[in-house]
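Here is the structure we will look at.
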Amino acid sequence: MSTLFIRNATVVTADTHFVGDVLCENEKIISTGLALEAPADAEILDATGKFLFPGFIDPHTHIYLPFMGTYAKDDYTSATTAAVAGGTTTFFEMCCPSKAETATEGFATWQAKAAGKALCDYSFHMGVTRFDADAPTQLRAIVKAGIKSFKIFLAYKGAFGITDDELFAALTLAKELGVVTTAHCENETVISELQRRLLAEGKTGPEWHYESRPPRVEAEGVHHLMSFAETTGAPVYIVHLSCREALEEAIQARLRGVNVRIETLIQYLLLDKTDAERPDFEGAKYVMSPPLREKANQSILWNGLRQGLIDTLGTDHAPFDFASQKPMGRKDFTKIPNGIPALEDRVKLLWTHGVRTGRIDLQTFVAIASTNAAKIFGLFPRKGTIAPGSDADLVIWDPEATTTLGVSTQHQNVDYHAFEGWELQGLPSYVTVRGRVVVREGKVVGEPGWGRMLER
Ligand SMILES: [Zn+2]
């Protein structure tokens, strides 16, 4: 079956919406409009009373992740199963070589982890974790292979973090190649000094993670990146921005002409620092960097999305088991593997808490969950919209369907759910990836191997 006909949907893109039909053939959208004729051999999906969105794009995930002495739990099959179950049909993974690996070796490793296992499409942001004499040649080849974005860490001293010399060199190369550099912005020196002080005072629980990375630490990281972006002229993208102080630094830079895009995460909109203060070490489930913030930041971030100050919504998906991995830091919060699982439920949560509450409109919903990431990272209009010629990545969304989130029903390979017991209304009922139905009546039916690495 290579012809798919979606009938009578409320078709929504970042620019417009209309009630009509969508015809797809051989992985692509062929036409959209009112009362189109369905070819005789087409599979017909009736979407009366339902929305049709372009497949959602998560700009920031970790699938294969050796980190803090362990590995994130998902592989490409479990991660992409979770992704499509939630309507995400494309994601970006951070390719994060260790200091011992070259860029070429790291890129090969990450590609091999994904090959033949994915139900949906994916791309990488190429981690620049060291910038030695070989790096420029290798990075040029990786960009040529279709990976047109870098990832750098200003935090994680001694692991992924790079020096200022390396930062300047990487951004200079990025500017020359015309690629966007995504950046984790926190000041690593302040973090390590605060960690040392807290531990010396016997403050070892997960609730102290926040105190080691207060908002000013993130704002300083953003300020630092902005200065380097301004002086090199390189376009940059701040990942996982969490608070007002950091947003102010980014907006100030934007006013000076710095080419900066901003991502926040679903968890910063809906969770806050009290989650990481839950008793009996449960707070460890919510340890991530930057940390969950004071609740007052949530309305600022929602407003930033609504006003277009913040461009994208990601997850920084990084699942570590509560029973066996988070306890690595039971006596020392600096050793708790950072991250939460969220890839599966990002868009469902955004719908219930963003669209249904009236915080954002339908166009903003599509823009921040799909279209903007496609535009920033060179996938538009192949991905991120519903138009003739675009890939047939589509989500039929049932606004009446309800669910309760929980560890027992998730597809993510991890032993807890960060939003356990949350009740949602509005779910994907059908999802297609390049014209193939991968979710049917809410059930994942896609097969590993259909997903491809996207060359950009
Ligand atoms: Zn990340």
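Nothing in this text is a laboratory measurement; each read-out follows from the coordinates by a stated rule. Note that this is a predicted model, so its numbers are computed, not measured. A quick note on method: Cβ atoms are made from the backbone with ideal geometry, for glycine too, and the neighbour counts reach across all protein chains shown.
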Subject >> Those residues of region 287-329 whose amide nitrogen sits under 16 Å from the label point placed on residue 251, 7 Å along Cα→Cβ >> reply: 296-312
Subject >> Under-5 Å amide H pairs with residue 28, H placed in peptide plane, nonlocal only >> reply: 392
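How charged is the neighbourhood of residue 100? Take every other residue with its Cβ under 15 Å from the Cβ of residue 100, and add Lys/Arg as +1 and Asp/Glu as -1.
On the way: positive: 99, 130; negative: 101, 105, 132, 134.
Surrounding charge for residue 100 is -2.
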Original post:
Which ³J(HN,Hα) values, rounded to whole Hz and listed in residue order, are derived for region 161-174 from phi using the Karplus coefficients 6.51, -1.76 and 1.60 in 6.51 cos²θ - 1.76 cosθ + 1.60 with θ = phi - 60°, glycine and proline given as x?
Top reply: x, 10, 7, 5, 4, 5, 4, 4, 5, 5, 5, 5, 5, 4
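Considering all alpha-carbon pairs of region 55-145, what whole percent are spaced by more than 17 angstrom? List each step's numbers first, then the result.
Details: 2010 of 4095 pairs.
The proportion of pairs with Cα distances above 17 Å equals 49 percent.
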Subject >> Environment charge at residue 436 (Cβ cut-off 14 Å; Lys +1, Arg +1, Asp -1, Glu -1) >> reply: -3
Subject >> Under 22 Å from residue 148, Cα to Cα: lysines that are on another chain or at least 8 residues apart >> reply: 99, 113, 175, 375, 383
Original post:
Can you list the HN-Hα couplings for region 143-157, worked out from phi with the Karplus curve (6.51, -1.76, 1.60; θ = phi - 60°), rounded to whole Hz and with x for Gly and Pro?
Top reply: 4, 5, 6, x, 9, 9, 7, 10, 10, 10, 10, 8, 9, 6, 3
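Tell me the volume per residue, in Å³, of the convex hull enclosing the alpha carbons of region 256-376.
On the way: hull volume 15.4 nm³, N = 121.
It comes to 127 Å³ per residue, whole-number rounded.
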Subject >> Convex hull volume per residue in cubic angstrom - Cα atoms of region 328-456 >> reply: 164 Å³
Original post:
What spacing in nm lies between the two simple spin-label points modelled at residue 157 and residue 144, each 7 Å away from Cα in the Cβ direction?
Top reply: 3.8 nm
Original post:
Could you give me the ³J(HN,Hα) list for region 248-260, computed from phi with Karplus coefficients 6.51, -1.76, 1.60 and θ = phi - 60°, whole Hz, x at Gly and Pro?
Top reply: 4, 4, 5, 5, 4, 5, 4, 5, 7, x, 5, 7, 10
Original post:
Measuring from the lowest to the highest alpha carbon on each principal axis, how far does region 1-66 reach, largest first, in angstroms?
Top reply: 51, 28, 18
Original post:
Long-range amide H contacts for residue 149: which residues qualify at under 5 Å (H placed 1.01 Å from N, peptide plane, sequence gap of 5 or more or a different chain)?
Top reply: 126
Original post:
What are the semi-axes of the equivalent ellipsoid for region 204-316, taken as the square roots of 5 times the Cα gyration tensor eigenvalues, largest first, in whole Å?
Top reply: 27, 15, 10
Subject >> Within the chain, helix-based [θ] at 222 nm, where runs of 4 or more DSSP H residues each add -39,500 (n - 2.57), nearest 500 >> reply: -8000 deg cm²/dmol
Original post:
Looking only at Cα atoms, what is the convex hull volume of region 395-456 per residue, in Å³?
Top reply: 127 Å³
Original post:
Once amide H atoms are built 1.01 Å from N in the peptide plane, which residues 5 or more positions from residue 261, or in another chain, come under 5 Å H to H?
Top reply: 236, 237, 238
Original post:
Looking at region 276-339 from every direction and averaging, what is the projected area of its Cα convex hull in nm²?
Top reply: 4.9 nm²
Original post:
Taking Cα atoms of the chain, Rg/Rh with Kirkwood Rh, to two decimals?
Top reply: 0.96
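Using the Kirkwood radius built from alpha carbon pairs, what does the Stokes-Einstein equation give as D for region 135-265 at 37 °C and 0.692 mPa s, in µm² per second? Let's see the in-between values first.
Working: Rh = 15.4 Å.
My calculation gives 213 µm²/s for D.
Considering every pair of different Cα atoms, what Kirkwood radius, in Å, is found for region 328-380?
Roughly 13.5 Å, rounded to one decimal.
Could you work out the Kirkwood radius for region 70-217, taking every pair of different alpha carbons, averaging 1/r and inverting it, reported in Å?
Values: mean 1/r = 0.0586 Å⁻¹.
By the Kirkwood definition, the hydrodynamic radius is 17.1 Å.
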